[in-house]
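Following: one structure in structure tokens, then a few remarks.
Each value in this text was obtained by applying a stated rule to the coordinates, not by laboratory testing. No experiment lies behind these values; they were computed from the predicted model shown. Positions of Cβ are backbone-derived with ideal geometry, glycine not excepted, and every protein chain shown enters the neighbour counts.
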Amino acid sequence: MDRFNFINLDFREDRFNHIMSEIHKQGITDYKKFDGIHDKHFPKKGILQAHKSVVREAKENGWQSVIVAEDDLRFFAPGAWQYFLDTTPDDYDIYFAMVYVGDVDSNNRIISTCSGMTMYKVHERFYDVFLSIPEHDGGVHIDRYITSMHDKYKFFVCDKYVCEQIGGTSDNTKKKNNDYTPLLKGKPLFTG
């Protein structure tokens, strides 16, 4: 299933407008908004539950895979979305559009704990593992938790990163982070 599924909190109209602009620029016609989950006491838990809602729908509908994106995604160039689709490996558990921190081998396989859930594709064989991520004690950082299992599962990242997370106020930490660009230094970026 190559539908573009994105998560957006209803009160984040700024991000909704942003992601709709990105969708339009990429020529994406098949997309769906999933409601973000705001947990003021445990933001990580709300984020995790929102991501799980997309994967849960895919499992319930018997889809072979599902794409999940966050509303603060920015594609690097026209054609980035199609490039991501076209380069999906045949054998994977999760295929990431990018990662900020972490190690990747020469085959683009993730070999350490990473950060970056801006956009990714989950294979159906990983749905149950994804849906079993613990939510107790306020939840976990979804990206770090998942990629900590890199030695057990096949996690790959696109050979050219197709997107980034825009700066702004984090719904997770409530802190303002204006620039993730330094984290992309030396990374292979899709330029069209």
Label-to-label distance, nm, for residues given as residue 40 and residue 3 (7 Å Cα→Cβ offset)
3.2 nm
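Among DSSP beta bridges whose residues both lie in the chain, state the antiparallel percentage, nearest 5.
On the way: 16 of 29 bridges.
Of those bridges, close to 55 percent are antiparallel.
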Using θ = phi - 60° and the Karplus relation 6.51 cos²θ - 1.76 cosθ + 1.60, list the HN-Hα couplings for region 28-36 in order, rounded to whole Hz, with x at every Gly or Pro.
6, 10, 10, 8, 8, 8, 10, 5, x
Given +1 on the Cβ of Lys and Arg, -1 on the Cβ of Asp and Glu, and no further charges, what dipole in debye does the chain carry about its Cα centre, rounded to the nearest 20?
360 debye
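Under 20 °C and 1.002 mPa s, how fast does region 61-172 diffuse according to Stokes-Einstein, given a Kirkwood radius computed over C-alpha pairs? Answer in µm²/s, whole number.
On the way: Rh = 14.5 Å.
Rounded to a whole number, D works out at 148 µm²/s.
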Where does the chain land on Rg/Rh, using Cα atoms and the Kirkwood Rh?
0.92
Entries in 52/187; 32/59; 44/160; 45/187; 52/152 that, when Cα-Cα distance is taken, lie over 26 Å
52/187; 44/160; 45/187
Points 7 angstrom from Cα along the Cβ direction at residue 133 and residue 21: gap in nanometres?
2.8 nm
Expected output is a single nm value to one decimal: the length gained when fully extending between residue 124 and residue 57, i.e. 0.36 nm times separation in residues minus the C-alpha distance. What is it?
23.0 nm
Output ordering of 119-130, 137-148 (per-residue mean of other Cβ within 10 Å, highest first) is 119-130, 137-148
Report, by chain and number, residues whose modeled amide H sits under 5 Å from the one on residue 98, excluding near sequence neighbours (fewer than 5 apart, same chain).
119, 158
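Averaging sequence separations of C-alpha pairs under 8 Å and six or more residues apart, then dividing by the length of the chain, give the relative contact order as a whole percent. Write down the numbers at each step before the final one.
On the way: 369 pairs, mean separation 47.1, N = 192.
25 percent.
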Amide H partners (placed H, <5 Å) of residue 161, local residues excluded
189, 190
